[in-house]
1. Against the definition (within 26 Å of ASN8 (Cα to Cα) and within 16 Å of the chain's Cα centre (by Cα)), how does GLN185 come out, yes or no?
2. So which pairs qualify, if the first residue must be in region 71-94 and of a type in the set (Lys, Arg), the second must be open to solvent by 20 Å² or more (accessible area, probe 1.4 Å), the Cβ gap must be under 7 Å, and the two must be at least 6 apart or on different chains?
3. I'd like the full set of residues that are open to solvent by 40 Å² or more (accessible area, probe 1.4 Å), in a helix (DSSP H, G or I) and free of Cβ contacts under 8 Å to residues at least 24 places away in the same chain, limited to region 153-199.
4. If we keep just the residues of region 204-228 that are in a helix (DSSP H, G or I), among the aliphatic types (A, V, I, L, M) and out of contact with any helix residue (DSSP H, G or I) (no Cβ under 7 Å at 6 or more places or on another chain), which is surrounded by the most Cβ atoms within 10 Å (Cβ to Cβ)?
5. Restricting the search to region 19-41, which residues are open to solvent by 20 Å² or more (accessible area, probe 1.4 Å), touching a residue at least 60 places away in the same chain (Cβ under 8 Å) and part of a loop (DSSP other than H, G, I, E, B)?
Amino acid sequence: MDAPLGPNFFLVGAMKAGTTAVFESLGLHPHVYCSPIKEPNFFSDEFRFVEVSSNNPWPRNQFDVNAYVKGPMDRPVHGALVRDPATYYALFRLAKDYTAIGEASTSYLYSTSAARNIHAAVPHARIIMILRNPVDRAISQYHMESRIGLVNDTFGSLLEKDLRASDTTFRTSGMYVELGRYVKQIHRYYALFPERQIKIVLYDDLSSNFNGVTDEILRFLAVDPALRAHKTKKTNGAQVPRAASINQVLHRVGLKQMIGRSFPTTLLELGKRVYYRKADGTGVTAADRKRLRAVLADEVAALSELLDRDLSHWLKA
C-alpha cells in the first residue's frame with residue numbers, strides 16, 4: 001500500500017510573526033499546495049494529548065474536523081486540533097500534482113516534541129521559521145488574544161502572571177515570554193535536520209520586502225517564484241474589541257466561532273468594522289515594554305550570535 005500523501009514543508013512559526021500572510025502568499029503559486037487548515041497542530045504532542053485549557057489559544061467549541069476533510073475543503077480554516085493520522089493526511093489528498101506541499105502550525109516552533117515527530121515522519125522536510133522581535137511578538141499575541149476573547153486584562157498583569165508561572169505551557173501561563181525564546185527552539189531543529197533544509201526569515205525583512213522574501217522562500221521550496229499569480233501583503237494592524245468583556249463571554253460560549261463559520265464573508269467583514277477598533281497599544285504601557293526588553297535581553301543577544309546578525313535594535317525604545 002502506498003504511503004499517504006503528506007506535507008514536505010512546514011512553516012513552523014513563530015506565532016504572530018507573519019506566518020498567515022506568508023502561507024497565503026505561498027498558496028497562490030500553482031505548484032504549492034497549502035493545507036486548507038493552516039494550523040492542524042498534528043505533530044505537537046502538547047496539543048495532541050493535552051485537553052484544551054482556559055489558557056490554551058483554542059476555542060472549546062471545535063468544528064467537526066473529520067467531516068471537514070471528507071468534504072470539498074474549499075473554505076480555509078485557520079487552526080484545529082487534528083489528532084487522528086487518517087484525518088491529518090486527508091488534508092493533503094488533493095495535492096497529488098503539486099511540488100511543494102505544506103502546512104503552517106506555529107505550535108511546531110515552541111513545541112518540545114514537534115521537531116522530533118516531523119523528522120520521524122518526513123526526514124526530508126523543509127523547515128521555515130519567521131522570527132519577530134520577541135517584545136513586539138508578545139504584545140501582538142496579547143492584542144490577538146484580546147480580540148478573540150481569551151483575555152480581558154492589562155498586558156502588565158498578564159505578563160506578571162506569565163513570569164510567575166510554575167511551568168511554561170499554555171496550561172499555566174500565556175507564554176508571552178516563552179514563545180519568544182527562539183534559540184532553544186531553533187536548536188531542536190538544527191539537531192535533527194541539515195541546515196540546507198532549514199530557512200530562517202526575520203520579520204523585519206518580511207515587513208520591508210514582503211515579495212522579495214516570499215520569493216526567496218519559494219526558491220527554497222524548489223519552485224519558480226515567477227509563476228506565482230499574485231503577490232499580496234497583509235496591511236491590517238492589530239485590532240481589539242470595543243467591548244472586551246462582552247467579547248470574552250461570546251468567545252467562551254462558542255458564539256463567535258459559530259458566527260465565523262456560518263455567516264458570509266462579506267457580512268463578517270462588515271461586522272468586524274463595527275465590532276473592533278485598532279489596538280494602538282491598548283492595555284500596554286511603556287513600563288511593560290521596558291520590563292519585557294529586560295527579560296528578553298539575553299535571548300536577543302544569543303539569537304544575534306546564532307544568526308550572526310546584530311539585533312540590538314530590538315531592545316531599543
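1. Working: within 26 Å of ASN8 (Cα to Cα): yes; within 16 Å of the chain's Cα centre (by Cα): yes.
When the stated conditions are applied, GLN185 passes them.
2. ARG83/ARG48; ARG93/LEU5
3. Within region 153-199, SER157, GLU160, LYS161, ARG164, LYS184, HIS187, TYR190, GLU195, ARG196 meet the criteria.
4. From region 204-228, those in a helix (DSSP H, G or I) are 204-208, 210-220, 225-227; that's our starting set.
Subset that is among the aliphatic types (A, V, I, L, M): 206, 213, 217-218, 226-227.
Narrowing further to those that are out of contact with any helix residue (DSSP H, G or I) (no Cβ under 7 Å at 6 or more places or on another chain): 226-227.
Numbers: ALA226: 8, LEU227: 12.
Filtering region 204-228 for residues that are in a helix (DSSP H, G or I), among the aliphatic types (A, V, I, L, M) and out of contact with any helix residue (DSSP H, G or I) (no Cβ under 7 Å at 6 or more places or on another chain), the one surrounded by the most Cβ atoms within 10 Å (Cβ to Cβ) comes out as LEU227.
5. Going through region 19-41, the residues open to solvent by 20 Å² or more (accessible area, probe 1.4 Å) turn out to be 20, 24, 27-28, 30-31, 33-34.
Narrowing the set further to residues that are touching a residue at least 60 places away in the same chain (Cβ under 8 Å) leaves 20, 24, 28, 30-31, 33-34.
Once the filter is applied, which keeps residues that are open to solvent by 20 Å² or more (accessible area, probe 1.4 Å), touching a residue at least 60 places away in the same chain (Cβ under 8 Å) and part of a loop (DSSP other than H, G, I, E, B), region 19-41 yields LEU28, PRO30, HIS31.
The values are calculated or read from the model by the stated rules, or taken from the named source; none is laboratory data. Given the structure is predicted, the values throughout are model-derived calculations rather than measurements. Cβ atoms come from the backbone with ideal geometry, glycine included; neighbour counts cover every protein chain shown. What goes into the accessible areas is simple: the full protein's heavy atoms, side chains included, and nothing from ligands, DNA or RNA. Shrake-Rupley method; radii C 1.70, N 1.55, O 1.52, S 1.80 Å.
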